[in-house]
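The values are calculated or read from the model by the stated rules, or taken from the named source; none is laboratory data. All values derive from a computational prediction rather than experimental measurement. Every residue, glycine among them, receives a Cβ derived from its backbone with ideal geometry; neighbour counts consider all protein chains shown. The accessibility values were calculated without ligands, DNA or RNA, using every heavy atom of the protein model including side chains. Shrake-Rupley method; radii C 1.70, N 1.55, O 1.52, S 1.80 Å.
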Amino acid sequence: MVRDGPIADRLILRRWREEDRAPFAIMNADPGVMEYFQSEMTREQSDALVDRIEAHFEAHGLGLFALERKRDGAFLGFTGFASGPKGTPVGEDIEIGWRIAHAYWRQGYAFEAARACMDWFWKASDRQRVVSYTADQNKPSQALMRKLGLNHRPDLDFDHPSIPKNCPVCHQTVFVLKRDD
């Protein structure tokens, strides 16, 4: 599926490069970017995430695309797909997700990249639905999910299995878009 990736006006959505690791680590250490996650990431944790993302591409033919701004080559973050967490109501689904460096927020990049990914996904996959989920408190991401046409499905909300139950971001709000919606 990755041969011909998503196309966006202002962005290049591509596989990861070695030079993406440093700006990605800076982004993952930013408390603002990581507000709705369990914690910020160390460089080692960030690099391990890049390795997992690339392994997901190899295993499944899709993954979280690195975002590069066309006009200057700036690394903005990622948008794309991951497998749902095992043992949850979305464990068999493909999730669309994003993470953008703070300097690039509120410029429409997350929507543009996610829209391109969704268009690509429906053409490149025979899956019948895509999901997205985030911590209950993450209203900005939930607004983007709605803007993309996903609908909240309270019956699928879950506690994330890799986050301790006493952590404020443990409970996840799930949104779904079906192919025929």
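So the values come out like this:
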quantity: Cα-based equivalent ellipsoid of the chain: semi-axis lengths in Å, sorted from largest, via gyration tensor; calculated: 22, 20, 16
quantity: Dipole magnitude of the chain, debye to nearest 20 (Cβ charges: Lys/Arg +1, Asp/Glu -1, about Cα centre); calculated: 500
quantity: For the stretch 94-181: rounded, prolate or oblate by the Cα gyration tensor [a/c cutoff 1.5]; calculated: oblate
quantity: Nearest-0.05 FRET efficiency for ARG52 and ARG146, computed from C-beta distance (R0 35 Å); calculated: 0.80
quantity: Hz values of 3J(HN,Hα) by residue in the stretch 79-95 - Karplus curve (6.51, -1.76, 1.60), Gly and Pro given as x; calculated: 8, x, 10, 9, 6, x, x, 4, x, 10, x, 10, x, 9, 9, 9, 9
quantity: Accessible area of the chain belonging to carbon and sulfur atoms, whole % at 1.4 Å probe; calculated: 51
quantity: Prolate/oblate/rounded call for the stretch 1-83, Cα gyration tensor, a/c under 1.5 rounded; calculated: oblate
quantity: Reach of LYS86 by Cα under 23 Å, taken over lysines that are not fewer than 8 positions away in the same chain; calculated: LYS165, LYS178
quantity: Inter-probe distance in nm under a simple model that places probes 7 Å from Cα toward Cβ, at LYS165 and ASP136; calculated: 1.5
quantity: The stretch 38-113: radius of gyration and largest Cα-Cα distance (Dmax), Å; calculated: 13.6, 42
quantity: Computed label-point distance, nm, for sites ARG71 and TRP122 using a 7 Å Cα→Cβ extension; calculated: 2.9
quantity: Considering only the chain, percent of DSSP beta bridges that pair antiparallel, nearest 5; calculated: 95
